[in-house]
Amino acid sequence: MKINSLLAGVALMATSYTVCAQDNTVTVQTKKIGADIQPTMYGVFFEDINFGADGGLYAELVKNRSFEFAPDHYMGWKMFGNVTLQNDGPFDKNPHYVRLGYAGHGDMWTGIQNEGFFGIGLKKDAEYRFSVWARVPDGKPVTLMVQFIDQNTMDDAQQFVSQDLVIDSKEWKKYTMVMKSNRTIAKANLRIFLSNPQHRSGTGTVDLEHVSLFPVDTWMGHENGMRKDLAQALYDMRPGVFRFPGGCIVEGSNLETRYQWKHTVGPVENRPLNKNRWESTFTNRYYPDYFQSYGLGFYEYFLLSEEIGAAPLPVLNVGMACQYQNWDNEKAHAACNAEDLKPYIDDALDLIEFANGSTDTKWGKLRADMGHPEPFNMKYLGIGNEQWDKFYFDRLKFFVETVRKAHPEILIIGSSGPDSEGKMFDLGWEDMKKQKVDLVDEHFYRPVDWFKNSMNRYDDYDRNGPKVFAGEYACHDHGNRMKWNHAGASIYEAAFMTTLERNADIVHMATYAPLFAHVEGWQWRPDLIWFDNLRSVKSVSYYVQQMYAKNMGTNVVPATLATPTPKGEDGLFTSAVFDKNTGEYIVKVINTTDKAQTVDIKFDGLKKIEGNATTVTLDCSDYTLDNTLDHPNAIIPQDGWAAVEGNVIKTTVQGKNFVIFKVKK
């Protein structure tokens, strides 16, 4: 940790001043309490990319647990002895299972072994819930030997935990037991032997389906739960909105592989597998074993939204597959009329019923049967993701008309397409205004220079049209070929977010993207939170988002620089809010230059401020540095204080620093 990260924002020392030609006075007009800041202002966007769901947030440790991966149903497994694949199982949407039988010789074994997602991460003294749906078709009980193994160990035995499980039912039944790991290991395997006297004598057969292993200690203790450290990181961001399930997976590579929310609810064992949109998108980062088990489905998304304190914002397919892959392929898009779009529109209406309906409705009852009789109070619904032009506009209108009529209380979010400006972007906004959607979803993954030129992006937006949802954005230094997480990109994100905050009357939501990335399974970067099988790390960009969310305030107040930074240049950027709940004025100052800048923050309208200002500082001066799994606290916010003289904070903001100043009214 650098010394200047501890000093930035503290009481000004005479030797710390740098002579500057410009006037760096920030005037905060405390009497002009402006627009309300929406509770949804800063949130999170989730998509199952970079193994963000299966192998990530979703805590299941077994890959291909129902043997449904295709075309290789044994993907993720090693089979030995007498193992056969069957397809008449107890779950109609997941019909496959394996049959373990006599291996044919007294000293041979039958069994299966799962590799997990880049291995199975286990922690010493932690408990894990093993479960399996099983039966003995001939009615003769058998014993399974369930083991945690280290395939690469130099010890005498590969297994370091082994427990027996007796299967004794001729009918399909769920069996469960808790196993405790005696070591910490990032890349264990799960091995299951058929082991019993009947097996050795040539008899004994068992069928296995939905082989599962979860940590007992999941987020909020849910059995079909989330990985605790990753869900905790979301909670700690203080998000106001949670957008799910994507992203491009909403569209699918074709309509058959689009995300269908109805496939993701109900008993987890009978949720059908789906090809992940990102399985084969990038040949340079190719993962043929990337599927969606839908164990993390819409019920779990809604529940997680509630538990992290965020408004749920689901996004549904508009009747179109990915336009990038299917620009001129009409077969990849549902016919553009109300009749053929009816199944898609019904999905939207039924989702509202699932989220908000009473328990005497079909979908409200399903929600209650899954464990949540109270409504989730969904208020927002996105229709379509990053789609554009007439293909999109003509389909969207049927959704808008139908949802408006049936549920006028729902706020509809439309898309401005994949561009941040230009012809298609302008056409998108024009049509969204015509259709009178409530918010328009803008996306911009852009380099540093774009952010430098966009610090006033929303100052001149039309105040009479839809509101803005900055639904996907991130900065990267493409000019320096650094399209990865680093502090330099994060400081420009912090500066850009002043335009979100200053324009809170028009900008109602903003979510960085993507959210999660497995260090061995990523396809897109930069990302907000990185993880391996045992650890996770919050990027510097994560702390930028968190600092804004934790210091959001309730109302905008004007904060102007005496000498504004010219467009496209480095300099100082600022915004200010008032928090009616705490009586605090909160001023954000970002210095994107390399040099320290003296700053006077004047609270016009206050005669005197009692005590000192408190500060939170994020030091991004080591431009290419970011937090890593081995060094998770390389750059984290530091608390401090700054001296106040009358109604003025006189301070220095170090180069490439983001500082928040807070004073009581």
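Some points to look at:
- The single condition from (1) in contact with a strand residue (DSSP E or B) (Cβ under 7 Å, 6 or more places away or on another chain); (2) among the polar types (S, T, N, Q); (3) modelled with pLDDT under 95 that Asn254 fails is (1).
- Test: residue in region 590-599 that is within 29 Å of the chain's Cα centre (by Cα) and either in a loop (DSSP other than H, G, I, E, B) or among the polar types (S, T, N, Q) (or both): yes
- Residues of region 381-421 classified as surrounded by 21 or more Cβ atoms within 10 Å (Cβ to Cβ), among the hydroxyl-bearing types (Ser, Thr, Tyr) and touching a Phe, Trp or Tyr at 6+ places or on another chain (Cβ under 9 Å), total: 2
- Filtered residues of region 455-482 (kept if buried (at least 17 other Cβ atoms within 10 Å of the Cβ), among the small types (Gly, Ala, Ser) and either within 18 Å of Asp505 (Cβ to Cβ) or over 25 Å from the mean Cα position of the chain (by Cα) (or both)): Ala470
- Residues within region 471-518 that are β-branched (Val, Ile, Thr) and not in a strand (DSSP E or B), tallied: 4
- Subset of region 363-380 that is in a helix (DSSP H, G or I) and free of Cβ contacts under 8 Å to residues at least 12 places away in the same chain - its residue that is surrounded by the most Cβ atoms within 10 Å (Cβ to Cβ): Gly364
- Under the condition of being surrounded by fewer than 24 Cβ atoms within 10 Å (Cβ to Cβ) and either under 19 Å from the mean Cα position of the chain (by Cα) or closer than 23 Å to Phe244 by Cβ (or both), the residues counted in region 494-510 number 1.
- Some residue of region 533-541 being farther than 29 Å from Phe214 by Cα, modelled with pLDDT of 95 or more and out of contact with any Pro (no Cβ under 9 Å at 6 or more places or on another chain): yes
For every residue, the table says whether it meets (1) touching a residue at least 24 places away in the same chain (Cβ under 8 Å); (2) under 29 Å from Trp219 (Cα atoms).
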position: Met79; (1), (2): yes, no
position: Val83; (1), (2): yes, no
position: Leu100; (1), (2): yes, no
position: Gly104; (1), (2): no, no
position: Gln113; (1), (2): yes, yes
position: Pro137; (1), (2): yes, no
position: Val146; (1), (2): yes, yes
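- Checking each residue in region 519-541 for being of a type in the set (Ser, Thr, Tyr), surrounded by 24 or more Cβ atoms within 10 Å (Cβ to Cβ) and not in a loop (DSSP other than H, G, I, E, B) picks out only Ser541.
- Filter result (in contact (Cβ under 8 Å) with a residue 12 or more places away in the chain and assigned to a helix (DSSP H, G or I)) within region 400-414: Val400, Thr402, Val403, Ala406
- Note on region 365-424: among residues that are farther than 21 Å from Phe469 by Cα and among the basic types (Lys, Arg), the one that is nearest to the chain's Cα centre (by Cα) is Arg367.
- Filter pass, Leu190 being buried (at least 16 other Cβ atoms within 10 Å of the Cβ), of a type in the set (A, V, I, L, M, F, W, C) and closer than 30 Å to Gly101 by Cα: yes
- Pro314 vs. criteria part of a loop (DSSP other than H, G, I, E, B) and either small (Gly, Ala, Ser) or in contact with a helix residue (DSSP H, G or I) (Cβ under 7 Å, 6 or more places away or on another chain) (or both): no
- Hits in region 451-470 (condition: outside any loop (DSSP other than H, G, I, E, B) and in contact with a strand residue (DSSP E or B) (Cβ under 7 Å, 6 or more places away or on another chain)): Phe451, Lys467, Val468, Phe469, Ala470
- Within region 429-447, considering residues that are touching a residue at least 24 places away in the same chain (Cβ under 8 Å) and outside any strand (DSSP E or B), the one nearest to Trp484 (Cα to Cα): Trp429
- Here Pro95 clears all of (1) under 25 Å from Asn224 (Cβ atoms); (2) touching a strand residue (DSSP E or B) at 6+ places or on another chain (Cβ under 8 Å) except the condition numbered (2).
- For region 309-355, the set of residues classified as surrounded by 21 or more Cβ atoms within 10 Å (Cβ to Cβ) and closer than 24 Å to Thr218 by Cβ consists of Ala310, Ala311, Pro312, Leu313, Pro314, Phe354, Ala355, listed by residue number.
- Lone qualifier among Tyr344, Tyr287, Tyr294, Tyr299 - being closer than 30 Å to Met237 by Cβ, in the same structural domain as Phe469 (by TED's automatic domain parsing) and touching a Gly at 6+ places or on another chain (Cβ under 7 Å): Tyr287
- For region 107-148, the strands (runs of 3 or more DSSP E) that sit wholly inside it and include 3 or more residues that are at pLDDT 95 or above and over 26 Å from the mean Cα position of the chain (by Cα) are 110-114, 127-135.
- Note on region 555-584: residues that are buried (at least 17 other Cβ atoms within 10 Å of the Cβ), part of a loop (DSSP other than H, G, I, E, B) and under 31 Å from the mean Cα position of the chain (by Cα) total 1.
- Output for region 33-83, where each listed residue is of a type in the set (A, V, I, L, M) and either assigned to a loop (DSSP other than H, G, I, E, B) or modelled with pLDDT under 95 (or both): Ile33, Ala35, Ile37, Met41, Ile49, Ala53, Leu57, Ala59, Leu61, Val62, Ala70, Met75
- Some residue of region 352-362 being touching a strand residue (DSSP E or B) at 6+ places or on another chain (Cβ under 6 Å), assigned to a loop (DSSP other than H, G, I, E, B) and over 16 Å from Phe244 (Cβ atoms): no
Yes/no matrix, rows are residues, columns are (1) in a strand (DSSP E or B); (2) on the phi < 0 side of the Ramachandran plot; (3) of a type outside the set (S, T, N, Q); (4) at pLDDT 95 or above:
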| residue | (1), (2), (3), (4) |
| --- | --- |
| Ala186 | yes, yes, yes, yes |
| Asn189 | yes, yes, no, yes |
| Thr203 | no, yes, no, no |
| Leu208 | yes, yes, yes, yes |
| Ser212 | yes, yes, no, yes |
| Glu223 | no, yes, yes, yes |
| Ala231 | no, yes, yes, yes |
| Leu234 | no, yes, yes, yes |
| Phe242 | yes, yes, yes, yes |
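- Of all residues in region 589-607, those that are surrounded by fewer than 24 Cβ atoms within 10 Å (Cβ to Cβ) and either aliphatic (A, V, I, L, M) or out of contact with any Lys or Arg (no Cβ under 9 Å at 6 or more places or on another chain) (or both) total 6.
- Residue satisfying all of: in region 119-161; among the hydroxyl-bearing types (Ser, Thr, Tyr) and within 20 Å of Lys63 (Cα to Cα); surrounded by the most Cβ atoms within 10 Å (Cβ to Cβ) among these: Tyr128
The values are calculated or read from the model by the stated rules, or taken from the named source; none is laboratory data. Computed from a predicted structure; not experimentally measured. Neighbour counts are summed over all protein chains in view; Cβ atoms, including those assigned to glycine, are modelled from backbone coordinates with ideal geometry.
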